[in-house]
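For reference, the structure discussed in these notes is given below.
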Amino acid sequence: MFYITTPIYYVNDAPHLGHAYTTILADVLARYHRLRGEPVYFLTGVDEHGQKVQNAVRKNAITDPQAYVDEMAERFKTTWKRLNIAYDDFIRTTEPRHVRVVQQVLQQLWDAGLIYRGEYQGWYCVSDERFWTEKDLVDGCCPDCGRPVEHIAEDNYFFQMSRYQDWLVDYIERNPDFIQPAFRRNEVLGFLRRPLADLCISRSASRLSWGIPLPFAPDYVTYVWFDALLNYVTAAGFGVDEDRFAAQWPQALHLIGKDILITHAVYWPTMLQAAGLPQPRRIFAHGWWVIGGTKMGKSLGNAVSPLDLVDIYGVDAFRYFIMRDMTPGLDADFDAERVDSRYTSDLANNLGNLLQRVVNMTGRYCGGCIPQPGPETAEEAGLRALVEALPGQVFEQIDRLAVNTALSQIMDGLTAVNGYLERTAPWTQAKAGRAERVTAILYTAAEALRLISVLLSPVLTEKTREIFSRLGWEDDQAGDGLAWGVLKPGSAVTAGDPLFPRIG
Ligand code: ME8
């Protein structure tokens with residue numbers, strides 16, 4: 001079972017390129033695992049409580065927060081639909097199934113004495129929804145976003161996170177793959193060298209009413225992170241479907257951005273440990289899309305809308321670009337010119353032109369039907385071996401979450417098919433009347449293109465279907481589309497417009 005999750009996004013604004021990146025990465029990984037025949041559960045969703053959302057409600061002069069979050073959740077769903085995101089579950093934290101889990105876990109920890117009431121004094125950053133200590137502040141402002149902070153003193157409820165510090169350090173050391181990439185794991189261990197404080201998990205309802213009430217103190221609502229993190233177990237069937245939960249939950253792979261590493265790698269494991277639940281299998285923190293060195297985001301006003309790019313390049317090219325141009329784990333600079341050059345070199349030329357050549361030559365020399373494979377020379381055997389080795393290499397990269405490397409290998413495969421056609425020159429063979437050579441070459445090229453396109457299908461979800469149909473192959477997913485020799489001689493190929501037309 002492959003259980004993959006994205007962060008649940010705040011509904012205080014429309015999704016931008018950063019949200020699209022994490023969600024497409026999860027979708028692509030889910031599709032690769034499905035391609036391999038594994039059962040997959042892909043979860044995404046939205047985080048609907050907390051100060052940010054309440055502020056957005058106020059800013060927009062809306063009276064009913066639920067109506068606001070309903071509308072915003074739909075916006076996320078509509079965007080994901082346009083981006084061909086095939087999730088299995090979309091969780092919303094205002095759903096009864098989730099509220100029940102949050103209150104159940106709170107009650108359990110309260111009954112076990114792991115939550116206590118005490119006075120809280122601290123500096124609160126409204127934007128980040130985080131309390132900071134005096135020494136965390138930078139020039140009196142939030143060390144994370146640089147905004148002014150508010151001093152707050154009030155009674156609150158605390159989760160005894162500190163008692164799990166030694167356990168957590170030990171757990172991370174014993175499970176080297178738990179937090180990835182390795183430098184993020186070291187960052188968390190560095191953070192844990194300082195004493196870990198208890199976690200304030202409540203907000204006074206007088207200040208923040210938009211949240212899940214504490215079951216043992218209804219004049220308080222649950223701190224948004226304590227609420228949000230639990231979505232991952234809610235969706236896995238916690239408390240309702242114990243068999244599914246036991247099988248699914250420990251397989252979880254949390255895909256997150258580096259901005260939410262500490263909440264996922266410190267708060268969350270200690271919460272699970274306190275509740276007597278197993279840990280997720282891995283937490284992978286990717287880097288940020290930046291523009292001129294600054295994080296792209298709604299609060300900075302430099303967010304790129306994924307749908308604008310989809311309007312220009314099409315959904316497949318957009319998916320391809322953001323998967324190809326970010327090394328997971330590292331930051332990547334968003335540059336519109338690079339989108340253009342990838343589109344032209346990788347998609348229009350390497351892939352699109354190859355399809356055009358294969359289909360046109362099959363029309364001209366083979367009566368428009370996939371020919372018989374014919375005897376192989378060293379050229380055919382060489383290309384076949386290269387293409388047959390590709391799925392193994394690609395899946396190895398997918399297991400490392402290195403989709404960019406997988407795509408680069410796939411592009412090398414297409415370059416090899418183009419090079420093969422140049423060297424074997426079926427047009428020359430046809431002039432010389434060597435019909436058997438022509439059919440052997442065209443079968444090999446068409447089959448190589450088909451198989452490589454199967455490997456591209458998790459990213460190019462629409463164009464690959466077009467390729468299959470033009471090659472006269474129906475991908476019914478019944479057989480092994482990654483095996484060599486699947487194209488049936490005699491199937492009709494279809495010519496058509498360029499797969500990736502010139503832009504503008
Ligand atoms: O943090 N580059 O929600 P959020 C890459 N609700 N990814 C980016 C990005 C960028 N410039 N900007 C955002 C929250 N992201 C909480 C999560 S989970 C239990 C609760 C992506 O709407 C990235 O995945 O601020 C990041 O972690 C996430 O959006 C933050 O989304």
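The values are calculated or read from the model by the stated rules, or taken from the named source; none is laboratory data. Here the structure is a predicted model, which is why all the values come from computation and not from measurement. FYI the Cβ positions are ideal-geometry reconstructions off the backbone, even for glycines, and counts take in every protein chain you see.
Points to keep in mind about this one:
- Scanning segment 82-103 for residues that are touching a Phe, Trp or Tyr at 6+ places or on another chain (Cβ under 6 Å) and without any contact (Cβ under 8 Å) to a residue 60 or more places away in the chain turns up just one, Asp88.
- Inclusion of Leu196 among residues that are part of a loop (DSSP other than H, G, I, E, B), touching a helix residue (DSSP H, G or I) at 6+ places or on another chain (Cβ under 8 Å) and modelled with pLDDT of 95 or more is warranted.
- Hey, Ala73 of a type in the set (A, V, I, L, M) and within 16 Å of the ligand (Cβ to nearest atom) or not: yes
- Qualifying residues in segment 203-222 (those that are more than 16 Å from the ligand (Cβ to nearest atom) and among the polar types (S, T, N, Q)) - the one farthest from Trp123 (Cα to Cα): Ser209
- For segment 199-213, the criterion of a residue being outside any helix (DSSP H, G or I), within 20 Å of Gly113 (Cβ to Cβ) and under 29 Å from the mean Cα position of the chain (by Cα) is satisfied by at least one position.
- Residue check for Gly45: at pLDDT 95 or above, among the small types (Gly, Ala, Ser) and either within 25 Å of Arg244 (Cα to Cα) or assigned to a loop (DSSP other than H, G, I, E, B) (or both): yes
- Scanning segment 123-147 for residues that are closer than 26 Å to Glu48 by Cα and among the basic types (Lys, Arg) turns up Arg130, Arg147.
- Test: residue in segment 23-44 that is within 14 Å of the ligand (Cβ to nearest atom) and more than 17 Å from Val459 (Cα to Cα): yes
- Among the numbered conditions (1) within 9 Å of the ligand (Cβ to nearest atom); (2) hydrophobic (A, V, I, L, M, F, W, C); (3) touching an Asp or Glu at 6+ places or on another chain (Cβ under 6 Å), the only one that Ala20 does not meet is (3).
- Residue identified as out of contact with any strand residue (DSSP E or B) (no Cβ under 9 Å at 6 or more places or on another chain), surrounded by fewer than 20 Cβ atoms within 10 Å (Cβ to Cβ) and touching a residue at least 24 places away in the same chain (Cβ under 8 Å) among Asn60, Asn55: Asn55
Yes/no per residue for (1) over 30 Å from Phe284 (Cα atoms); (2) small (Gly, Ala, Ser); (3) surrounded by 14 or more Cβ atoms within 10 Å (Cβ to Cβ):
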| position | (1), (2), (3) |
| --- | --- |
| Glu396 | no, no, no |
| Leu401 | no, no, yes |
| Thr405 | no, no, yes |
| Gly419 | yes, yes, no |
| Arg434 | yes, no, yes |
| Ala446 | yes, yes, yes |
| Phe468 | yes, no, yes |
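- The residues in segment 326-373 that are assigned to a helix (DSSP H, G or I), charged (D, E, K, R) and loosely packed, with under 15 Cβ neighbours inside 10 Å can be counted, and the count is 3.
- Residue in segment 254-274 that is over 21 Å from Pro7 (Cα atoms) and over 17 Å from the mean Cα position of the chain (by Cα) present: yes
- Selection count where residues are within 25 Å of the chain's Cα centre (by Cα) and either in a helix (DSSP H, G or I) or under 30 Å from Tyr164 (Cα atoms) (or both), scope segment 58-94: 18
- Qualifying residue in segment 473-485 (condition: in a loop (DSSP other than H, G, I, E, B) and among the polar types (S, T, N, Q)): yes
- Residues in segment 104-115 that are surrounded by fewer than 17 Cβ atoms within 10 Å (Cβ to Cβ) and either in a helix (DSSP H, G or I) or touching a Phe, Trp or Tyr at 6+ places or on another chain (Cβ under 7 Å) (or both): Gln104, Gln107, Gln108, Asp111.
Each row is one residue, and each column tells you yes or no for (1) more than 22 Å from Asn418 (Cβ to Cβ); (2) of a type outside the set (A, V, I, L, M); (3) in contact (Cβ under 8 Å) with a residue 24 or more places away in the chain.
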residue	(1), (2), (3)
Asp311	yes, yes, no
Met323	no, no, yes
Phe334	yes, yes, yes
Asp340	no, yes, yes
Asn350	no, yes, yes
Pro373	no, yes, yes
Glu376	no, yes, yes
Ala381	no, no, no
Ala389	no, no, no
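- Some residue of segment 374-393 being surrounded by fewer than 18 Cβ atoms within 10 Å (Cβ to Cβ), out of contact with any helix residue (DSSP H, G or I) (no Cβ under 6 Å at 6 or more places or on another chain), within 30 Å of Tyr3 (Cβ to Cβ) and among the hydroxyl-bearing types (Ser, Thr, Tyr): no
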